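Notes follow once the structure below has been shown.
Read-outs throughout are calculated quantities, based only on the coordinates presented, and are distinct from any laboratory measurement. Please read all numbers here as calculations on a predicted model, not as lab measurements. As a convention, Cβ positions derive from the backbone with ideal geometry for all residues, glycine included, and neighbour counts pool all protein chains shown.
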Amino acid sequence: MIGILDVFLPIISCVLFSLLTIPIVKATHKIKSKRNAVILIWFLMVFITVAITVANLAIKYYEQPPPQPFLSITLAAEQFAIFSSVFMIDAISIYMAIIFTFISAIVFLYSIFYLDPDKRLSERYYSIMLIIIGCIIGAAFSGDLLTLFIFWEASAAGSSFLMLHQKKPESMHATLKYLVMIIIASAFIVYGLSIVYGITGTLNFWAVKQALIALADKHLLIIAFVFIAAGYAIEAAVVPFHMWLPDAYTPAPASSAAFLSALIDQGSYYILLRVLIYILTPPTILDWTLMLAVLSALTMVVGNLLALTEKNVKRLIANICIADVGYNLIAITSVTPLGIMGNLYFFLIGGLTTALSFMAVGILNRKGFETLDDFSGIGRKMPFTSLALLFGAFSFAGIPPLAGFIAKYLVFTSAIEGNLSWLAVIGVLTSIIQAAYLLRLINYMFGKAPKEETKIREPKKLLIPIFIFVTAIIVLGIYPTIILNLIEPVIQQFPFVP
Amino acid sequence: MQNTLLLTLLLPTLTVPFVYLTGKKSAKAAAVLVALIAVADIALLSTTVPAILDGTAEHRYVESYYWIPVLHSSFTLFVDGISLSMAIITLILILTAALFSINYMQGRKGLAEYYALLTLLSIGLVGVFITSNLMIFYFCWELMLVPTYFIIGGWGYKEPYRAAFKFFIFTHAGAVFVLLGIGAIFMITGDLDIFQAQAALMTARPDLVKWILLSLTAGFAVKMAIVPVHMWLPDAHSEAPAPMSALLSGVIISAGAYAILRVSLGTVFPAVMSTDFGSQFLHGLAVFGILSAFFGSFIALVENDIKRIIAYSSIAHMGYVLFGLSLFPHQEAMTGTVLHLVNHAASKGLFFLSAGAIMKQLEIRDIREMGGLAGQMPITATASTTAALSIAGIPPFACFISEFLIFVGAFQAISNDNFYLLPTALMLIATVLSLAYALRYVSHVFLGSAKLEKAKEAPSSMKSAMALLTALVILLGVWPTFFIQLINTVHFV
């Protein structure tokens, strides 16, 4: 049986290690040689511990699947239950915890080599990253709207520190913009949640859902829905609330951009999925599908058009993140088991691909290559880095046998199943635009002659985490069963949506 | 053997790194390795011939492996008469392309990558023909795209990446519509196997099936370069290096035709066959076929660039093929159409290789500057003339037989459906046009007085590749029995 401790362990271990990280990394400043090795061993230990705690939870869950669709665990006893947090464990949250742990470990490996280790602030950076990982796993396990809100806002706000790590003036600016957006979003969400609490008298997912099904007058609920959906849409960068994303990601260090796109972005889609489908289930509670479908179409079109006109490669990839929101929304709007499977697969693949692209672009930015023009002939100068970026681009474009294809296939098919064929057609058309600008990037990298023919030494240590991701997208593209079998139980849990 | 087809795909997949490493040492050895892989694949595939000819009632050889159970997909590979014929001719072309490349690509940079990409391409090309699972089909369909893109871009002429980009975007745009169709088939039938899906689609809503059919066919037609979605073809075919042009024209566009036959017509079409829409659809195919045949022939007649003439002739021939497909399900017509794909692949491959030999030796592309090359380059001239006459449909060369069979099918169709009277007549006129441009090509390039002093015969590897295909074109013309027997085992509906 899963106890409250099992759920808490991953979260607590992240937070605890984060606190320990500061003195330990500080202590390494005194070591002259093999400093990186010490830091590496420390974080290896951290992630092995986190992985063990997550694995412990997963094993316990799958050993004895609970009779209910999800298992809810309350922190305090009977009469205080109302003040305490509820945690909810189901196949989705376990899956999310696993992919968060995996991706963050690899991105961490990259950050260790990417950030100049002599810089004073690096221990703070690592410790904030660890706290965010803890919070985001906490958000995945949340069972009531307030717990979800607290964990999620903690990780979203915390990520602003990662953005301004290098203290560039433009990143200060962007972070301010991001923080303002987050604050507006959380105000919206709090307002919406207070209405929900007023209507139902509870914030527990399951209880809210039951209360809302019985609700006769839905006027107030619509207002609450608008605020909650708008709040989470701002955080997920759904068009028309997308402007902060490219601004925030472009000046941030590549390791932060990779971390944010792979964890915070995917986490925000996860929350959209959770709140929209599992709590405000259409059509039993509210029929929001058409509205979301329109937003999804807009997001895909705008995101891809922005990327099409973009000259700065890092910004281009940030714009692809916006387009990816659109593709994720297709699956959410379809409200089908296949759509949720597509979503979950997309979370992983989108995270891997954006992280890998940001990481590869980070190496190139270090060497002074920023725009498409600078990228001319990079393929000959830095073959491995550009090969990685090539795989990222083809995976984004949905070219098999890379994993991006399976993700897109699931998403488009779910739209057809959900009677939203027009959305699938728009998705397909925008993915042609996507192929076009990614191919233009490849054209620049491999087709154009470089300005100068010198070979540039590639940082091998940074390429290791990148190629772990490349291997992952190839393997998951050819044999997606590894992941699909893991998320298949979701389909069995879907029936609790009547 | 039990895993013949899996081995056929695994062999090139696993040897890609070896080809690359060999290529780093010696390009020639890499080319020989690619050729050997193709020969080994042909040998593997030919072991399935008895199973097809005297096997079960369905004349199919099937292998199935565990793959993605969640999506009801198993890794199913199969061959029947049609797919085996297509796979064999594909491998023969890859073999000759690799041989031809030894001298043709001599002195170019990055040949290790070139041969590795060629091997990678062969996986996609063969895979498309030997799978019955739509997901693997789509995998291979797109796997044709990426290596081709890099081969055209990396070793092409003029502005190669521009042509490659156009090729990629056009065919990828087509492919995503195919993907939509595949997704819809999966949604309706819950199955991705073309034979299972066919039965399941029979009970589906006809209006839905209609859209699936249109979406799939439109997607395949882009690859097939049917007018008006042919725009990528002339650039891609003429800017690509000659061995790639041979593969593009011989196999890649044929894959589009094969896919229309196998997926659009074989799987989806039976569900709407008896409706009005069914006959309208077939008539539409015939109309677009005629359009392509005339458009391609006319432009080939006035074009002066040596490779563009052949490229436009490919559009024309895909027109004939589409016309042949519109006669579905007449047995003679279907046999003729598939046989035409095989014959056209051999003839067009030969045509492009010989044009490449001329371009390589003379370094000019305008046929008006050429003349009298027959004396200076006798073997290339023989090869080119054989190819041109076959393309024109002159007996005893290959394409004559298959065009003849298509027309036999057409005359049978006329007796059922008056509509085909006019298209058949127009198609007969189009074959005359093809004779015209073929003769114009031959007379401009090879006949008349010698204009170029320095012209020399092509080096040995190019000569042997051309000789091989010339022999094949003549053999297919005088003894088509083997392929006809194979193809005739497949019955639609």
Open item on the list: Spelling out what I want: for every residue of region B:187-196, take phi, set θ = phi - 60°, compute 6.51 cos²θ - 1.76 cosθ + 1.60 (Karplus), and round to whole Hz; glycine and proline get x.
Closed with: 5, 7, 9, x, 9, 10, 8, 5, 7, 5
Open item on the list: Compute the angle between helix B:4-25 and the longest alpha-carbon principal axis of chain B, please, reported from 0 to 90 degrees and rounded to the nearest 10.
Closed with: 30 degrees
Open item on the list: Tell me the volume per residue, in Å³, of the convex hull enclosing the alpha carbons of region B:4-488.
Closed with: 123 Å³
- [ ] Report P(r) for region A:290-498: all Cα-Cα distances, bin width 10 Å, range 0 to the bin holding the largest distance, values in whole percent.
- [x] 9, 34, 33, 17, 6, 1, 0
TODO: Taking the convex hull of the Cα atoms, report for region B:223-380 its projected area averaged over all directions, in nm².
DONE: 9.4 nm²
- [ ] Order these peptides, B:99-112, A:39-52, by their mean beta-carbon neighbour count within 10 angstrom, highest first.
- [x] B:99-112, A:39-52
TODO: Order the peptides B:249-258, A:387-396, B:17-26, A:86-95 from the highest to the lowest mean number of other Cβ atoms within 10 Å of their residues.
DONE: B:249-258, A:387-396, A:86-95, B:17-26
Task: For A:SER142, residues with placed amide H under 5 Å, excluding near neighbours - done: A:MET88
Task: Size descriptor, Kirkwood hydrodynamic radius, that averages inverse alpha-carbon separations across chain A, Å - done: 22.8 Å
Open item on the list: Looking at the calculated P(r) for region A:123-211, what percent of the C-alpha pair distances fall above 20 Å?
Closed with: 46 percent
Task: Cα centroid separation - region A:156-217 against region A:456-498, whole Å - done: 28 Å
TODO: Evaluate E = 1/(1 + (r/R0)^6) for A:ARG35 and A:ALA157, where r is the Cβ-Cβ distance and R0 equals 25 Å; express this FRET efficiency to the nearest 0.05.
DONE: 0.20
Task: Per-residue [θ]222 nm for the protein assembly as shown (sum of -39500 (n - 2.57) over DSSP H runs n ≥ 4, rounded to 500) - done: -24000 deg cm²/dmol
Task: Inter-chain Cβ neighbour average for residues B:149-156, partner chain, 10 Å - done: 2
TODO: Using a 10 Å cut-off on Cβ atoms, rank the peptides B:386-397, A:169-180, A:27-38, B:214-225 from the highest mean neighbour count down.
DONE: B:214-225, B:386-397, A:169-180, A:27-38
- [ ] Mind jotting down the distance between the C-alpha centroids of region B:7-58 and region B:329-405, whole Å?
- [x] 26 Å
- [ ] Shielding by partners for B:167-180, please: the mean number of other protein chain Cβ atoms within 10 Å of each residue's Cβ.
- [x] 5
Open item on the list: Strictly over 24 Å apart at the Cα level, which of B:LYS24/B:LYS158; A:LYS26/A:LYS314; A:LYS367/A:LYS448 would you flag in this model?
Closed with: B:LYS24/B:LYS158; A:LYS26/A:LYS314
Open item on the list: Restricting to Cα atoms and excluding each atom paired with itself, what does the Kirkwood estimate give for region B:25-149 in Å?
Closed with: 15.7 Å
Open item on the list: What is the distance in Å between the Cα centroid of region A:412-446 and that of region A:304-365?
Closed with: 12 Å
Open item on the list: For chain B, take the longest principal axis of its alpha carbons; what is the angle in degrees between that and the long axis of helix B:460-478, to the nearest 10 within 0 to 90?
Closed with: 50 degrees
Task: Other protein chain Cβ atoms within 10 Å, averaged over every residue that makes up B:218-224 - done: 0
TODO: On each of the three principal axes of the Cα atoms of region A:1-45, give max minus min coordinate, whole Å, ordered largest first.
DONE: 48, 16, 7
- [ ] Note the angle between two axes, namely the Cα long axis of helix B:398-416 and the longest principal axis of the Cα atoms of chain B, as a number of degrees from 0 to 90, rounded to the nearest 10.
- [x] 30 degrees
Open item on the list: Could you give each residue of region B:346-357 its phi-based ³J(HN,Hα) in whole Hz, using Karplus coefficients 6.51, -1.76, 1.60 with θ = phi - 60°, and x for Gly or Pro?
Closed with: 5, 5, 6, x, 4, 4, 5, 5, 5, 5, x, 4
Task: Rg over Rh [alpha-carbon atoms, Kirkwood Rh] for the protein assembly as shown - done: 1.01
